[in-house]
Amino acid sequence: LIPSIEKLLGVRFHAKSCVLPQGRAAAFLGLIKARELLRTGLVDVCFVGGVDSFLNVQDLQRFRSLHRLKREKVSNGFIPGEAAAFLAISAEPREGEGIWRATILGVGVSREDMSATILGEGHPTGKGLCRALEATLQDAQCAESRVDFRISELNGEHYAGVDTMLAI
């Protein structure tokens, strides 16, 4: 996949560049990979990004058949769309116009038991998300009481809202 992207963009990526096809969790796996590369000194800057598209026919048909798209008679679905986000990550602060600065203190990932997922027709338990949050706090060596701001992905589906509420 990397050679195809290089050809399309007309650029050459670093030999350690990779594609992480793990869905939404791939962003966090990308942060972990960037940290490893920066710590080894192989690179000065890493770009971590992702593209999400639910506008192709196959995904739309699949989500429609699972009653996951918001539409008439499905009030608790999500609205399909597209999104992309990329971060430039460095070990040292950088100067420049338009640069937003942030410090990533920790990253954590976990797997949800398949029986407790929307695709496994289970009900939300918050356990997988809770384990990921605990792993993040441990990685950051930070107490939960010190967290002032948190972002959650709530896409309109009932499942994600309940899962987040239970984890908190």
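The values are calculated or read from the model by the stated rules, or taken from the named source; none is laboratory data. Not measured: the values here are computed from a predicted model. All Cβ positions, even for glycine, are placed from backbone atoms using ideal geometry, and neighbour counts span all protein chains on display. SASA here: full protein model, heavy atoms, side chains in, ligands and nucleic acids out. Shrake-Rupley method; radii C 1.70, N 1.55, O 1.52, S 1.80 Å.
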Considering the options Ala102, Leu55, Ala34, tell which one lies farthest towards the positive end of the dipole of the chain, charges being +1 on Lys and Arg and -1 on Asp and Glu at the Cβ, about the Cα centre.
Leu55
Hey, got the dipole for the range 72-168? About the Cα centre, +1 on K and R Cβ, -1 on D and E Cβ, debye to the nearest 20?
180
In nm, to one decimal, how far is the Gln138 label point from the Glu121 one, both placed 7 Å along Cα→Cβ?
3.4
Test of understanding: given the chain, find the longest segment containing no trypsin sites (Lys or Arg not before Pro) that are in a DSSP loop and have at most 16 other Cβ atoms within 10 Å.
17-69
Debye log10 I(q)/I(0) at q = 0.17, 0.19, 0.20 Å⁻¹ for the range 1-44, Cα point scatterers
-0.57, -0.69, -0.75
The chain: calculated mean residue ellipticity at 222 nm from DSSP helix runs of at least 4, using -39500 (n - 2.57):
-10000 deg cm²/dmol
Qualifying GluC sites (Glu not before Pro) for the range 1-84 [loop in DSSP, other Cβ within 10 Å: at most 14]
Glu72
Accessible area per residue, Å², the chain with all protein chains present, probe 1.4 Å:
76
Considering only DSSP states other than H, G, I, E and B, which chymotrypsin sites (Phe, Trp or Tyr not before Pro) in the range 77-162 qualify as loop sites with at most 16 other Cβ atoms within 10 Å?
Trp100, Phe149
Counting alpha carbon pairs within less than 8 Å and at least 6 residues apart, what relative contact order, in whole percent, applies to the chain?
18
Note: probe point = Cα of Leu154 + 7 Å toward Cβ; backbone nitrogen < 16 Å; residues of the range 80-122 passing the test are none
With Pro80 itself left out, Lys, Arg at +1 and Asp, Glu at -1 over residues whose Cβ is under 14 Å from its Cβ give +1
Kindly express, to the nearest 10 degrees and within the range 0 to 90, the angle between helix 26-40's C-alpha long axis and the longest C-alpha principal axis of the chain.
20
Give the calculated FRET efficiency between Glu72 and Arg24 to the nearest 0.05, with a Förster radius of 45 Å applied to their Cβ-Cβ distance.
0.95
Using only Cα atoms, what Kirkwood radius does the chain have, in angstroms?
18.5
Could you pull out every one of the aspartates and glutamates with an alpha carbon less than 13 Å from that of Lys127, ignoring same-chain neighbours closer than 8 positions?
Glu112, Asp113, Asp163
Please report, in debye to the nearest 20, how large the charge dipole of the chain is about its Cα centre when each Lys and Arg carries +1 at its beta carbon and each Asp and Glu carries -1 there.
320
